Amino acid sequence: MSQLSAEQFPVHTFGGPTALFEYGGLRFLTDPTFDGPGDYPSPGPTLTKTAPSAATPGDLGPIDVVLLSHDEHADNLDTSGRALLADVPLTLTTPGGGRRLGEKAKGLVDWESIELERPGGGTVTVTGVPAIHGPGPREEVEPFSGQVVGFVLTGEGLPAVYVSGDNASLDAVRQIAERFAPVGTAILFAGAPRFPMLFDGNLIVLDSAQAAEAARILGARRVVPVHHDSWAHFTEGHEELEAAFTAAGLADRLDQDWTQRV
C-alpha cells in the first residue's frame with residue numbers, strides 16, 4: 001500500500017472520463033461512456049473513440065449518483081451512458097443538462113450544493129464548482145464548447161474529493177482551492193485534448209503539466225487522472241502525466257493503481 005493509504009478508497013477507472021468510487025457509503029460514477037470504438041458526431045468536430053471501455057454498465061452494480069460534467073459530447077456521455085442514467089436515482093450535472101436529461105437529473109450552478117443521505121447516517125455534500133471547457137473566459141468559451149461543471153464532495157470525517165470535469169482553467173482550480181483545499185483525492189480530467197479547428201488548436205482540458213500544477217494548488221494528497229485515453233483527440237497520456245508529476249516533485253501523489261483500467 002502506498003503512503004496515500006488508509007484514508008483512501010479505491011477509484012476504478014474504465015477508460016475515458018468514466019470512474020467509479022464509493023464515498024460515505026454512496027457509489028458515484030463519473031461521465032458514463034461505454035460505447036465501442038468508432039466515430040461519433042458532435043455539435044463540433046467528429047469524435048473518434050479508439051479503445052473499448054474496460055467494463056459494461058452491467059458490470060458496475062448499483063450506482064447511487066452520476067456526476068456528469070456535461071451531456072453534450074459523446075466522449076462524456078454516450079448512448080450506453082444515457083441508457084444507464086434511467087436506472088440511477090440522481091444525476092448531477094450542468095443547469096442546461098439538468099433541463100435536458102429529465103426529472104432524475106439536477107443541474108448545479110457554481111457553488112450550489114446538495115446534501116445526500118448516507119446509508120449509515122449523516123450526509124455527503126456535493127458542490128458544483130467552476131469548469132471552463134477551453135481557453136479564455138467562460139463567456140467566450142461556452143458558445144463553442146457548452147457548459148461544464150466540476151464537483152467537490154465533502155462529509156463529516158471524510159477527506160474532500162474534487163472531480164474536475166472537462167476543465168482547462170487553473171484560475172477555476174484556484175477558486176476551488178480557496179474554499180476546499182487541501183483535498184484528499186483529485187480526479188483530474190487531463191489528456192491535453194485539442195482540435196485544430198477549435199480555439200486555434202489550444203487546449204480544451206488540462207494538459208499533464210497543468211494537471212500537476214492543479215494538484216499542487218489543491219494540496220491534493222492523491223490524484224487519479226482520467227480522460228487521457230481511448231479517444232483520438234487526446235494528445236498526452238500515461239507517459240506524459242507521469243513525467244509531468246515527476247518533474248513537479250509530485251510523483252508520489254499519483255494513485256498507485258491509476259494506470260490500471262479494471
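Being acidic (Asp, Glu) and over 24 Å from Gly134 (Cβ atoms) narrows it down to one residue among Asp78, Asp59; which is it?
Going through Asp78, Asp59 in turn, just one is acidic (Asp, Glu) and over 24 Å from Gly134 (Cβ atoms): Asp59.
Take the residues in the range 15-32 that are of a type outside the set (A, V, I, L, M, F, W, C) and without any contact (Cβ under 8 Å) to a residue 60 or more places away in the chain, then tell me which one is farthest from Gly146 (Cα to Cα). Only one residue fits best here, namely Glu22. Residue count for the range 17-45 satisfying the condition of being touching a His at 6+ places or on another chain (Cβ under 9 Å) and at pLDDT below 95: 5.
Considered as a group, the residues in the range 1-16 that are among the hydroxyl-bearing types (Ser, Thr, Tyr) and modelled with pLDDT under 95 include one that is farthest from Leu68 (Cα to Cα), and that residue is Ser2.
Within the set Val173, Val205, the sole residue that is at pLDDT below 90 and within 14 Å of the chain's Cα centre (by Cα) turns out to be Val205. Exactly one residue out of Ala209, Ala220, Ala251 is among the aliphatic types (A, V, I, L, M), buried (at least 18 other Cβ atoms within 10 Å of the Cβ) and either on the phi > 0 side of the Ramachandran plot or in contact with an Asp or Glu (Cβ under 9 Å, 6 or more places away or on another chain) (or both): that is Ala209. Within the range 75-84, being aliphatic (A, V, I, L, M) and surrounded by fewer than 23 Cβ atoms within 10 Å (Cβ to Cβ) holds for Ala83, Leu84.
Working only within the range 94-110, note down all residues that are in a helix (DSSP H, G or I) and without any contact (Cβ under 8 Å) to a residue 40 or more places away in the chain. Answer for the range 94-110, where residues must be in a helix (DSSP H, G or I) and without any contact (Cβ under 8 Å) to a residue 40 or more places away in the chain: Gly98, Arg99, Arg100, Leu101.
Given the criteria part of a strand (DSSP E or B) and buried (at least 16 other Cβ atoms within 10 Å of the Cβ), does Val88 qualify?
no
The values are calculated or read from the model by the stated rules, or taken from the named source; none is laboratory data. Note that this is a predicted model, so its numbers are computed, not measured. Cβ: placed from backbone, ideal geometry, glycine included. Neighbour counts: every protein chain shown.
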